[in-house]
Each structure stands twice: as structure tokens, then as C-alpha cells.
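Chemist: Encoded as C-alpha cells, here's the structure I'll be asking about.
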Amino acid sequence: MSEEMEQRRDYEENPFLKIARERSRQIGIILAKARKEAKRSLTDCAQVINTSRQRYRKLKAGEADITVVELEAVCTFLNLLPGYVLTTPLLNTISPILLQTEQGQTLRVVVQLVN
């Protein structure tokens, strides 16, 4: 099985990865809106975090993860509080996640994102 197919299978089987990808997409939406309101270009934002326009587009689409340091830098550049980005959920859902901790033990985590 190719590495790409294996990653896709892992993504499809792991509910946490689905939630993480969706949250990354939501953060991208918030940053895109702030960028437009600040009248900054995608290139400007990419330069602030020393990345390519292509990667910044992926961040915006939730196809790449943004580090905390990058998030802080972009937020500062856009006059946006990082806490606002991290505490502004766009989903209105409750999603159960089952994680196997050790053989015979199961940890249940419920994530609730409200609008």
C-alpha cells in the first residue's frame, strides 16, 4: 500500500484526525476573513511566517497545520488576538471520539463546538 493511501486510510479511520482537519479549516476561515478586513495580501501573510504562498493557501484551506508560533505571528500582523482564533468555533456539533489507551482500557472524549 502506498504511503498516500495509508495516510488516507488512517484519516478515514481516525475520528480525531477528521475533527483536527475541520478545526484547521475553521482557523483558516477566521484568518482569511481577518486578512481581508485588514486589507493584507496572502503574500504578506505568507512572508510574515516565512512560508510560501502555496503553503499559506493550504493553511487557509485546512490542508496544512499552523504552528502556535505561526498563528501568533499572523494574528499580530492582522491585529487579531490569538485567543479569539482559538476560542471561536464555527461548528455546532458534538462529536464522540474513542481512543484506545492500553489493552482493555478505553478513553471517551466528547468535544463540543458551539457557535
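Chemist: Restricting attention to segment 71-105, and to residues there that are surrounded by 12 or more Cβ atoms within 10 Å (Cβ to Cβ) and of a type in the set (Val, Ile, Thr), which single residue is modelled with the lowest pLDDT?
Modeler: The selected residue is Thr93.
Chemist: How many residues are of a type in the set (Lys, Arg), at pLDDT 90 or above and part of a helix (DSSP H, G or I) if we restrict to segment 1-52?
Modeler: Going through segment 1-52 one residue at a time, the tally reaches 3.
Chemist: Consider Arg40 carefully, then state whether it is over 16 Å from the mean Cα position of the chain (by Cα) and farther than 17 Å from Gln26 by Cβ. Talk me through it step by step, then tell me what you get.
Modeler: Values: over 16 Å from the mean Cα position of the chain (by Cα): yes; farther than 17 Å from Gln26 by Cβ: yes.
The answer is yes for Arg40.
The values are calculated or read from the model by the stated rules, or taken from the named source; none is laboratory data. Being a predicted model, the structure only gives us computed values, none of them experimental. All Cβ positions, glycine included, derive from the backbone under ideal geometry; neighbour counts span all protein chains shown.
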